[in-house]
1. Where in segment 159-195 does the amide nitrogen come within less than 14 Å of the point 7 Å from the Cα of Arg237, taken along Cα to Cβ?
2. Would you work out the relative contact order for the chain, in percent, from Cα pairs under 8 angstrom that are 6 or more residues apart?
3. Between Thr142, Thr227, Thr74, where does the largest GNM mean-square fluctuation fall for the chain, given springs only between Cα atoms within less than 10 Å?
4. Restricting to DSSP H runs of at least four residues, report the calculated mean residue ellipticity at 222 nm for the chain, -39500 (n - 2.57) per run over all residues, nearest 500 deg cm²/dmol.
5. Could you state the angle between the C-alpha long axis of helix 356-371 and the longest principal axis of the C-alpha atoms of the chain, as a value from 0 to 90 degrees rounded to the nearest 10?
6. If I model a spin label at Arg268 and Glu107 as a point 7 Å from the Cα along the Cα→Cβ vector, what separation in nanometres do I get?
7. Just to be sure I understand the model, the point goes 7 Å from the Cα along the line to the Cβ. What's the resulting Arg57 to Asp126 distance in nm?
8. Amide H neighbours of Met212 under 5 Å, at least 5 residues apart or on other chains, H built in the peptide plane: list them.
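The values are calculated or read from the model by the stated rules, or taken from the named source; none is laboratory data. Small disclaimer: the values here were computed from a predicted structure and weren't measured. All Cβ positions, even for glycine, are placed from backbone atoms using ideal geometry, and neighbour counts span all protein chains on display. Note: accessible area is taken over every heavy atom of the protein model, side chains too, but ligands, DNA and RNA are not part of it. Shrake-Rupley method; radii C 1.70, N 1.55, O 1.52, S 1.80 Å.
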Amino acid sequence: MQTQVAIIGGGPAGTLLSHLLANAGISSIVLERQSREHVLSRIRAGVLEWGTVETLRAAGLGERLDTEGHVHDTINIAWRGQQLLSVDTFDMVGKRMMGYGQTKIQEDLYAAADGRDQQIIFEAEDVALHDIESDRPRVTFTANGDTHEISCDYIAGCDGFHGPSRQAIPAEKRQEFLKEYPFGWLGILSETPPLPILMYANSEHGFALCSMRNPMLSRYYVQCPLTDTTDDWSDDRFWSELFARIPDAQAAQIQTGPSIEKSIAPLRSFVSEPISWGRLHLAGDAAHIVPPTGAKGLNLAVSDVHYLSQALIAQYAGDPVLLEQYGATALRRVWGAVRFSWWLTSLLHRFPDQTPFDQRAQEQELEFLNASAHAQAAMTEQYVGLPL
Ligand code: APR
Ligand code: PHB
């Protein structure tokens, strides 16, 4: 098989890249290890920065987003059982956000690909990268028991944290930056009306978040020990722990119900550098992971893909500069979001090894955030997303 860009991974990064390249007349083949149904069943975060919304609209993917997405324009933080602050993001920095689940974006991307024969090969096994330092790299894989080979100009590694692309960069050339947090997030989905606002809470029992997917689908999270499993968390225990962590006024508004999904995710920050090597360019979770606090993961995948698509389009038009600079350009924005999601995680969680000094410092930071419009502006500027 021959194509211009071989894309490994059919999550949001890989399929959006294929879409943006197709818009510019550049061919690609996407290789996805899982089935389409499996990818669409994964529950992920759902808050889009305005830059992400505009990127999706400009790509022709805005129609359902604009009818089913809901605008978010406040950041709400509770502390010690009281609402500490509610910042209007539009008043503060002139930008809003959009609530629209990653699963819906993935559905929109697959539907768009079907509509114009973009090639996505599902259940591709044993994907391997070859000759990435040459000018004719290759990707091999098996499907239905047969081995195939794709010859291409460039490889985009969009295969998430566990995929093979990052490992194709020689280990001695890679530097990995890792921070693991000593807790996880237990998340549930419940077919009940959500709170009208998204609310983060720091309480003596730990972090909690009230979020939403649509008018009859709520998403809630509580911080839990990494040693817990979902078997430790009956629905009753979940609701009483959530209510212990949020203000009474919000708890009184929440309608409880059976969870339709329940899972525990560990929290980590991770960046691997460089993200380009020869003809291989990484994008999204293949190159970096952020903790979910602040919902930056998908937004970063979209910004990487925005830069990479622009760079490849320029390259095919005869200008190599953007592609040479792709790593530096993308990583500058990545580190901005990595630092912000580390800061928001540190501000809102209870750390098991937190000393009384750390606790006071955290309380002081919340007090300062509450008292200072400048501190709120700095938080808001990063929360709504740094410009592309
Ligand atoms: N071969 C082919 N595909 C693979 C392989 C492999 N060996 N390994 C992984 N993949 C696929 C996964 O099945 C997945 O569908 O790569 C895809 C990567 O998708 P994501 O993990 O969703 O990562 P990305 O597209 O970068 O999107 C980032 O998704 O993970 C969330 O929090 C993250 O919201 C962020 C966004
Ligand atoms: C979510 O809705 O899943 C969500 C929202 C905001 C976050 C993280 C996750 O900061």
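1. Answer for segment 159-195: 186-187.
2. On the way: 767 pairs, mean separation 77.4, N = 388.
In percent, rounded to a whole number, it is 20.
3. Among Thr142, Thr227, Thr74, the largest mean-square fluctuation in the Gaussian network model of the chain belongs to Thr227.
4. Using -39500 (n - 2.57) per qualifying helix, the result is -11000 deg cm²/dmol.
5. In the chain, helix 356-371 runs at an angle near 90 degrees to the longest axis.
6. Inter-label distance under the simple model: 3.1 nm.
7. Rounded to a tenth, the inter-label distance reads 4.7 nm.
8. Correct list: Arg219.
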